[in-house]
Amino acid sequence: MLIASVFLCASTFDLLSSSFFLDLPDTSDMNINALNYHVDHQELYRSSRNDTLLSRFTLREQQISFTHAGDKFSMHLGWSRDLYRLSDILESDYTTADFLPVSHSFNIKAQLQVNDWLIRSGLKYSFSRLNDTLFITDFPVSEQSAYNTYFFDLLPRTFGDTITFSNSTDGFSTDLFLRKNLEDQSFLLYLKYSGFFNKLEESHINTSNNNLYGPRESICRFNYSQIEATAAWNFSEHSMVWAGLTYHFSPLNWDHTVFPDQPDTLEIINISDGNTQALNIHTGYRILSAPYDLNVSLAGGFLNNHTDISTPVLGYILRILPISHQAVVDLSSKYILAHIHFDYPLSTSGFYFTPRADIIAGRIWSEVSIQALLQFGLEDIDIDESYIHTVYIGSLGFSGKIALNRELFLTYEADQLIPYVKTISPVTPPPPPDNIKRYGGLSVKIGVSMNW
């Protein structure tokens, strides 16, 4: 579900931070009337065989928002349009494709001030639709003839050389933010629910010279549900502590259908079933005293995934025994991550500039189990591996604005992500391919803002 995961992307560092919930949700008030427009160029950290500037481009976003700030009631409206270039993600030794998905999102927030209470609720909806074709230029082969006879040699006739697909995504989230002021202290509560629904449909032609011949279709459904709860205490004007947890659940279902509806075949209908569950606990401390802002947070949790996979019927032995292979994949991971954020606002005569730095350090313990049940004398695959990785991620950036007049500002932001991952166990990991170029982690944003 690579396509589905890409549609969830925001900026590089924002995506990373929100994935592990290392920071406090936005607690700022909507107290300024504003109209904003900006464009955002982002490069996610990735690997590419194509060493061109175009291959490094992954996401461009246009966003416009309007905020009305009142004494008691405020409202915020926003729209964004994201363009993703994914062609070289599906460029390989065996496949080629060139498509440009577009995603739209709309969000609305309303804020109400009632005595010592501030209440803010928001709703966000995003969607994307895509229709295109994946071209298969070659198929893999094995040095063992049995694997070719009962697997690789059957793939060209099973799938053909083109796969037409359509992908639709719908995502929404709703949140509630409450703040209670108590003299020089305040208590904050943040609740959020997110849902994401992806449907990938594909069709191809089976050209086998048996009763498998004919059109085939499959539908893959991937759903994502997440609940987040965070509580914070502003125990002084310049200090805050918070703690919270997040639960995530993702079921996966991939059904393979055959047309006509009742063919003379023992086709495998269910290609894959799976589910993912994750729990995250996070806590942090923030210093808001001038002239700097410092956040220190700690997060830990686990992720478990179980997936059953089956191939469709690839052919027959003696015209009656169907050839199909199955696999069971189990993944479990535990992690602990620390995050430090520092920024230092500067200003002089209509020029505002805030350099910032982030450091994430953590350790991840993973266990991978793959059991492939292969038929007709092929050797089963049984993999049980344990891994330990240390992760260090730095981010250097800045944001600012230039006053063009009393109400109009030119805004800008830039961040560079610097990741480093080291394998602790196993001691000698396999060397990476030497023909892969690695890029990404850059985010550049520029826009205009009108405040009054």
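Give the residue that is nearest to Arg157 (Cα to Cα), with candidates limited to residues of the stretch 180-229 that are among the basic types (Lys, Arg) and either outside any strand (DSSP E or B) or within 32 Å of the chain's Cα centre (by Cα) (or both). Before the answer, list the steps.
Residues of the stretch 180-229 among the basic types (Lys, Arg): 180, 192, 199, 216, 221.
After this cut, where a residue has to be either outside any strand (DSSP E or B) or within 32 Å of the chain's Cα centre (by Cα) (or both) as well, the list is 192, 199, 216, 221.
Values: Lys192: 48, Lys199: 26, Arg216: 12, Arg221: 26 Å.
Ranking the qualifying residues of the stretch 180-229, first place goes to Arg216.
Taking the criterion of being over 19 Å from Ser65 (Cβ atoms) and either among the charged types (D, E, K, R) or in contact with a strand residue (DSSP E or B) (Cβ under 8 Å, 6 or more places away or on another chain) (or both), the residues of the stretch 110-128 that qualify are Leu112, Gln113, Asp116, Trp117, Leu118, Ile119, Ser128. Being among the acidic types (Asp, Glu), within 30 Å of Pro25 (Cα to Cα) and touching a strand residue (DSSP E or B) at 6+ places or on another chain (Cβ under 8 Å) is the filter here, so list the residues in the stretch 175-228 that pass it. Within the stretch 175-228, Asp175, Asp184, Glu228 meet the criteria. Among the residues of the stretch 13-33, none qualifies, meaning not one is in a strand (DSSP E or B) and modelled with pLDDT of 70 or more.
Among the residues of this structure, Ser105 counts as one that is in contact with a strand residue (DSSP E or B) (Cβ under 6 Å, 6 or more places away or on another chain) and at pLDDT 70 or above.
Taking the criterion of being under 30 Å from Tyr247 (Cα atoms), under 31 Å from the mean Cα position of the chain (by Cα) and modelled with pLDDT of 90 or more, would at least one residue in the stretch 149-158 satisfy it?
Narrowing the stretch 149-158 to residues under 30 Å from Tyr247 (Cα atoms): none.
No.
Filtered by the rule that a residue be of a type in the set (D, E, K, R) and within 30 Å of Leu408 (Cβ to Cβ), the stretch 334-357 gives Asp343, Arg356.
So, in the stretch 65-97, of the ones that are buried (at least 17 other Cβ atoms within 10 Å of the Cβ) and at pLDDT 85 or above, which residue ends up farthest from Val448 (Cα to Cα)? That would be Ser74. Of all residues in the stretch 325-357, those satisfying the criterion of being buried (at least 16 other Cβ atoms within 10 Å of the Cβ) and closer than 30 Å to Pro156 by Cβ are His325, Ala327, Val329. Can Thr137 be described as among the β-branched types (Val, Ile, Thr), exposed (fewer than 13 other Cβ atoms within 10 Å of the Cβ) and under 33 Å from the mean Cα position of the chain (by Cα)? So Thr137 fits the description; yes. Taking strands (runs of 3 or more DSSP E) as the structural unit, those lying wholly within the stretch 62-161 and holding at least 2 residues that are under 30 Å from Asn181 (Cβ atoms) and without any contact (Cβ under 8 Å) to a residue 40 or more places away in the chain correspond to 73-84, 102-114.
The values are calculated or read from the model by the stated rules, or taken from the named source; none is laboratory data. Since the structure is predicted, the reported quantities are computational estimates derived from the model, not experimental observations. Backbone-built Cβ (ideal geometry, glycine too); neighbour counts: all protein chains shown.
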